[in-house]
Amino acid sequence: MADSEVLVIGGGIAGASAAFHLAEHGRNVTLLERGDIASEASGVNAGGIGALGWGHLPDLQAYLTMGSLQIFKRLQLELGYDIEFRASGALQAIQTQEQYDYTRDRVLAMRARGYTVELLTANEARGVEPELSPDLWGAVHFPLRAQADPVKATRAFADAAAQQGAQVLTGRNVTAITCQANGAYRVSCDGEERLAERLILAAGVWCGPLGRMLGLDIPIVPVRGQMWASDPLPPRVFHSLSAAESPMDWAQDPEQHPGRPRGSEARTPPELTHLGSRRVTRHLYGRQNRDGELVFGGDRQAVGYDKSVDMTGIEVNVGHVAEVLPLVGSLALRRTWSGLMPFSMDGKPVVGRIPQFENLYIVSGLASSGFGRGPMAGKLIADFIHTGQMPPVLSESDPARCVTAL
Ligand SMILES: Cc1cc2nc3c(=O)[nH]c(=O)nc-3n(C[C@H](O)[C@H](O)[C@H](O)COP(=O)(O)OP(=O)(O)OC[C@H]3O[C@@H](n4cnc5c(N)ncnc54)[C@H](O)[C@@H]3O)c2cc1C
């Protein structure tokens with residue numbers, strides 16, 4: 001007899017959402033997390049929730065972003081969790097004429113595809129976000145984007161899962177997994193054994209090591225993101241903020257652009273700020289949180305599992321934010337930190353059934369926007385398991401495209 005129908009490994013936002021939605025479907029589910037819930041990427045991110053609308057032809061990205069937005073709202077407004085959700089909208093600063101020309105064409109293309117986005121003049125942008133620099137060329141307004149507290153939101157999913165009857169077990173480090181002759185999984189956590197009929201790998205950048213326990217190569221690599229927070233100040237910044245520099249640089253660089261064909265020779269995921277140790281662009285995102293801190297970050301560097309903070313990168317980011325938001329020039333940094341984002345080599349999510357085994361699933365590869373996409377990714381994998389039918393939209397994230405036997 002299995003201890004549970006479904007065992008989820010990983011208590012980040014992807015695993016916690018999967019456990020919640022499975023428990024809501026009435027499934028007997030257990031979640032194993034080696035630290036605390038939200039102790040890795042899901043607890044240290046910027047809390048930005050990206051959404052552009054469904055578009056004329058909803059694809060996986062539309063499902064993940066718009067679906068997650070609905071789920072975040074449900075968590076706060078219907079289930080009563082204070083996750084600091086705010087439908088703030090977002091602004092992307094345009095700093096040069098070249099960025100303006102590129103961004104104008106991009107906005108027109110997005111609107112033609114049915115997305116909710118508009119181009120603002122500098123004065124229009126400063127009308128809704130007065131602290132923006134007068135030197136900007138303009139800004140893109142994303143009215144559907146939102147924000148929430150990463151730790152509170154992720155823990156709310158785990159709590160909601162437990163309320164629905166899931167077992168949520170922290171301090172459980174999975175050290176071995178074997179598939180039994182009857183198809184069930186035996187999972188060891190430092191000596192403690194558990195049996196489950198189905199297994200979901202939701203361990204973020206540690207899906208690779210978990211895959212190796214089963215003789216699988218799961219090509220999800222860690223990309224370090226780092227952030228800083230200012231001393232608290234009264235409410236001064238109302239939207240989530242970003243800058244147009246990196247999207248333009250990534251679109252123009254064949255090595256970095258996710259839309260270009262990337263053969264098996266690709267050695268790094270797309271859309272990084274560094275190739276090796278060489279900086280190729282400056283990326284920027286952030287917001288003011290409820291405590292009043294300005295929290296910003298940007299760098300995305302593939303440095304293995306190294307979570308030390310590189311102050312040179314922090315200084316570059318502080319300088320960039322000060323160009324967009326001059327008040328930052330006079331603020332003291334209160335703290336810095338980093339976390340590891342789970343990137344696949346083509347930059348796309350890896351969500352679905354792993355074909356080499358029966359009843360083995362994965363929800364990962366959510367990269368730099370997994371906080372805003374994790375809730376729906378978890379729901380889609382839960383729906384897949386509950387109904388036995390793959391939600392058609394998951395064909396875009398099929399693990400079969402990249403997971404191989406070792
Ligand atoms: C600095 C930074 C800023 C970011 N900003 C944003 C943002 O603004 N908006 C956005 O949408 N996204 C953002 N992201 C990305 C987002 O945080 C991630 O994509 C998302 O949190 C990934 O969630 P996850 O559940 O897949 O992984 P994780 O949150 O990493 O969770 C995986 C869990 O698995 C556990 N685990 C691993 N191995 C084992 C094992 N052997 N046994 C048991 N448990 C195990 C880990 O302890 C961990 O808790 C940011 C990321 C970083 C690092």
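Brief remarks on what is shown
- Within segment 2-35, the residues that satisfy the criterion of being among the acidic types (Asp, Glu) and either more than 6 Å from the ligand (Cβ to nearest atom) or in a strand (DSSP E or B) (or both) are ASP3, GLU5, GLU24.
- Residue pairs whose Cβ atoms lie under 6 Å apart, separated by 6 or more positions or on different chains, with the first residue in segment 281-293 and within 15 Å of the ligand (Cβ to nearest atom) and the second among the polar types (S, T, N, Q) and part of a loop (DSSP other than H, G, I, E, B), are HIS283/THR273.
- Set side by side, the residues GLY339, GLY374 differ, and just one is over 26 Å from GLU5 (Cα atoms) and out of contact with any Phe, Trp or Tyr (no Cβ under 7 Å at 6 or more places or on another chain), which is GLY339.
- Which listed residue is in a helix (DSSP H, G or I) and of a type outside the set (Asp, Glu), from ALA196, ALA161: ALA161
- Among the residues examined, CYS207 qualifies as buried (at least 17 other Cβ atoms within 10 Å of the Cβ) and within 10 Å of the ligand (Cβ to nearest atom).
- Within segment 210-238, considering residues that are in a strand (DSSP E or B) and charged (D, E, K, R), the one farthest from the ligand (Cβ to nearest atom): ASP217
- Test: GLN163 is modelled with pLDDT of 95 or more and in the same structural domain as CYS207 (by TED's automatic domain parsing): yes
- The condition (being closer than 30 Å to VAL8 by Cβ, surrounded by 18 or more Cβ atoms within 10 Å (Cβ to Cβ), modelled with pLDDT under 95 and within 15 Å of the chain's Cα centre (by Cα)) is satisfied by just one residue among GLY339, GLY378, GLY347: GLY347.
Rundown of residues vs (1) crowded, with 20+ Cβ neighbours inside 10 Å; (2) away from the ligand (no atom under 16 Å from the Cβ); (3) in contact (Cβ under 8 Å) with a residue 40 or more places away in the chain; (4) not hydrophobic (A, V, I, L, M, F, W, C), yes/no style:
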site: SER42; (1), (2), (3), (4): yes, no, yes, yes
site: GLN76; (1), (2), (3), (4): no, yes, yes, yes
site: GLN97; (1), (2), (3), (4): no, yes, yes, yes
site: ARG104; (1), (2), (3), (4): no, yes, no, yes
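- Within segment 185-199, being surrounded by 19 or more Cβ atoms within 10 Å (Cβ to Cβ) and among the hydrophobic types (A, V, I, L, M, F, W, C) holds for VAL187, ALA196, LEU199.
- ALA51 being of a type outside the set (Ser, Thr, Tyr), part of a helix (DSSP H, G or I), at negative phi and touching a residue at least 12 places away in the same chain (Cβ under 8 Å): no
- Between ARG145, ARG186, ARG172, ARG155, the distinction of being over 22 Å from GLY26 (Cα atoms), out of contact with any Ser or Thr (no Cβ under 6 Å at 6 or more places or on another chain) and not hydroxyl-bearing (Ser, Thr, Tyr) belongs to ARG172 only.
- Here ALA251 meets the list (1) at pLDDT 95 or above; (2) outside any loop (DSSP other than H, G, I, E, B); (3) farther than 22 Å from ILE49 by Cβ almost entirely, failing just condition (1).
- Residue that is surrounded by the most Cβ atoms within 10 Å (Cβ to Cβ), among those in segment 308-336 that are out of contact with any helix residue (DSSP H, G or I) (no Cβ under 9 Å at 6 or more places or on another chain) and closer than 22 Å to GLY372 by Cβ: VAL324
- Flag if VAL29 is touching a strand residue (DSSP E or B) at 6+ places or on another chain (Cβ under 7 Å) and over 30 Å from GLU323 (Cα atoms): yes
- Pairs linking a residue in segment 345-368 that is touching a residue at least 40 places away in the same chain (Cβ under 8 Å) to a residue that is of a type in the set (Lys, Arg) and more than 10 Å from the ligand (Cβ to nearest atom), with Cβ atoms under 6 Å and 6 or more positions apart or on different chains, are ASP346/ARG262; ASN359/ARG198; TYR361/ARG353.
- From the list LEU210, LEU199, LEU169, LEU136, the lone residue that is in contact with a strand residue (DSSP E or B) (Cβ under 9 Å, 6 or more places away or on another chain), at pLDDT 95 or above and not assigned by TED's automatic domain parsing to the domain that holds ASN45 is LEU136.
The values are calculated or read from the model by the stated rules, or taken from the named source; none is laboratory data. Predicted, not measured: the structure shown is a model, and the values here were computed from it. Every residue, glycine as well, gets a Cβ built from its backbone with ideal geometry; the counts of neighbours run over all protein chains shown.
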